Every structure is written in C-alpha cells, then in structure tokens.
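Read the structure below first, then the notes.
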Amino acid sequence: MAGASFRQLLARHDAGNPLLVPGATHAFMAKLIQDAGFEALYVSGAGTAATIFGLPDVGLMTMTELVENVSRINDATDIAIFADADQGFGNAVNVIRTVREYEKAGASAIQIEDQTFPKKCGHMDGKSVVSLEEMVGKIRAACDARTDPETIIVARTDARATEDMDRAIRRAVAYAEAGAEVIFPEAMRTEEEFARMAQELEGVPLVANMTEWGKSPVVDAKSLGEMGYRIVIFPSAPMRAAQQAIVDVLVELREHGTQRGLLDRMYHRKELYRLVGLDDIYAAEERYIPARTSDAAAS
C-alpha cells in the first residue's frame, strides 16, 4: 500500500470530520472508490460472500478466501484497507494467524467480532456471542500478533442484538481496555443508541455502520460525527447500487432487445480502459515486444 495507513488517516480525522469509508467487494469496485477520491475502503465479508460466491453471510467462507479478496483489492489500489475478519476464524490462537495473513494481504485495520461460529451478518436474526472473557482473549491475541505497528485492531460487538444495550456497552468498554484501538458497536437500533454508545465510550474511536435496510437507521455522517463517531462505513452502498443497475440493464434487454436507451447511464469503455491502465500495457508492448516484420509474419 503506497498511501496512508488507516492509523494515519484516523489521526487526521476527528469526530468533527469523520473518515468516510465505502465498501468494495472486488478489485474494480475498489479502483472506482479510489478514483472517486476516498482515502480508505472497507472489505465486507457479507459483500464478498454475495458478490464473489453468491452466498449469504452466514460463515460459509474460509479465512483464505476472504484474505485472497483483500489481497487482490490491495494490489489494485493505493488507499487504506479496513477489512472484515469475521470472528477471527476460530479461537484466540486462530486469531493470531488471521491477523498475520490479513496484514500480509494489505489490510491496515482488521475487524474481529464477538459472534460465535458460524457467524451471521450483523443485521440478521439468530446470532449469538461468545463470552466477554473469550473475546477479550481474542483481542489481546490479535494485538500481540501484529507484525506492523501501523495495524489497527477493530473490535466489533454484536451484543446489542443478542443481549441488550447495557451489556453491549460493557463489552465495548472491556474490548477497548483489552487493547482494541477502535470499537465497532453493531446494529444500534436508534439514533439515541448511537449517541449513548458514543457518550459511554467518550475518547475511544468508534465505527458507525451505515448499511441499508438493516437494524440501524441511516444517519448522515455529519450527525454521527457530532455524536462522536470517527469512522463511518458504507459497506454495501456501492454493491447494492451496482446490483440494481445490472437488473435495470437486464430488464431493458429483455423488454427492448437493445441497450441503446441506457448508454448514458453506463460506465464508458474509455473510462474503463483508463482505470485499468490499458495505456501502460500498450507502452509495455511497444517497449518490450518487437514489432512483427513482414518476413516474420510470412514464416
């Protein structure tokens, strides 16, 4: 990664100017996010499951599969990567390897949640969480496993949905005390709950998850910043917009037999070639591949 690390970005963004982090489910979407001027992106486990494998986010992917997606995204971009590592893919010992593999793949912020295995999307029903003590051990292991001092460990608690708000706050405080530098309270039900969590963890960098049609209301980043949130992620917004655009094209093709009416809504071929670096390929061909002569062609 050539750009700033997530730690460096966090130091530049306070609650009055929260860091906005869109979600990328594959390398091309990541390039679009970078091209739009964002400083960081989020690699969602749910988005990877849906986009790459056509699966729901219910713990069906392996650590290796998620890490491979992070690595491809890192290779395609130069901005900071905040990556979802589910529940760490096992116990505290498994978390050690998970953190090191994510670091090697290019993640500079690694999120570990307190769900049991198999986990579920934070906005699904039917979740359960491990004991507070087990999660504290995982956080300590994750912090000790880091080989890069720039890496940030993000602890997510899903306890609001499985226990109650008071226990979610208790867990969030304990996770910060265990060494997690950023806390991610998942599935707050109301703006008041977002605000209460921020008040109880004053001074601790917090993540607000602005996913669509989930258990949390959609709140604008300015309002979340005023509550005290330093990071606002939009893990699914680009993916869902792209999915609807695909549906619109397919309906148009089925009903009209042509895409002419949608050309002004499509990403232009020239922009695609620019973003993927086709000119660099042409330059390399010219520099390294000898031109075919008529004799060579004849032979």
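The values are calculated or read from the model by the stated rules, or taken from the named source; none is laboratory data. Remember, it's a predicted structure, so these values are computed and weren't measured experimentally. Cβ: placed from backbone, ideal geometry, glycine included. Neighbour counts: every protein chain shown. Heads up: the accessible areas ignore ligands, DNA and RNA and are worked out on the full protein's heavy atoms, side chains in. Shrake-Rupley method; radii C 1.70, N 1.55, O 1.52, S 1.80 Å.
Details
- The alpha carbon convex hull volume per residue for the range 230-299 rounds to 203 Å³.
- Computed P(r) (all Cα pairs; the range 111-231; 10 Å bins; percent): 14, 47, 33, 6
- Summed residue charge, Cβ within 12 Å of Val99's Cβ, Lys/Arg positive, Asp/Glu negative: +2
- Computed over the alpha-carbon atoms, the range 110-165 gives an Rg to Rh ratio of 1.01, Rh here being the Kirkwood radius from the mean inverse distance.
- Size descriptor for the range 17-114, Kirkwood hydrodynamic radius: 13.3 Å (Cα pairs only, one decimal).
- Most tightly packed first, judged by the mean number of other beta-carbon atoms within 10 Å of their residues, the peptides 240-248, 214-222, 91-99 read 91-99, 214-222, 240-248.
- Principal axis box of the range 153-299, alpha-carbon based, largest edge first, Å: 79, 45, 27
- With protein chains left intact and a 1.4 Å probe, residues in the range 45-138 average 37 Å² of accessible area per residue.
- Counting lysine pairs in the chain whose alpha carbons fall under 21 angstrom apart, excluding pairs fewer than 8 residues apart on the same chain, gives 10.
- DSSP beta bridges in the chain [antiparallel fraction, %, rounded to 5]: 5 percent
- For q = 0.12, 0.15, 0.27 Å⁻¹, Debye-computed log10 I/I(0) when each Cα of the range 127-195 counts as one equal scatterer: -0.31, -0.47, -1.20
- Sparse-neighbourhood loop sites, chymotrypsin sites (Phe, Trp or Tyr not before Pro) in the range 187-253 - DSSP loop, at most 11 other Cβ within 10 angstrom: Trp213
- Gaussian network model of the chain, Cα within-10 Å springs - most flexible of Glu255, Glu113, Glu133: Glu255
- Percent breakdown of C-alpha pair distances by 10 Å bin, ordered from the shortest bin, for the chain: 6, 26, 33, 19, 10, 4, 2, 1, 0
- Using the average count of surrounding beta-carbon atoms within 10 Å as a protection proxy, the listed peptides 55-64, 101-110, 162-171 rank, highest first, as 101-110, 162-171, 55-64.
- Relative contact order of the chain, defined on C-alpha pairs under 8 angstrom at six or more residues apart (%): 19 percent
- Simple label model, 7 Å out from Cα along Cβ direction - Thr258 to Leu275, nm: 2.6 nm
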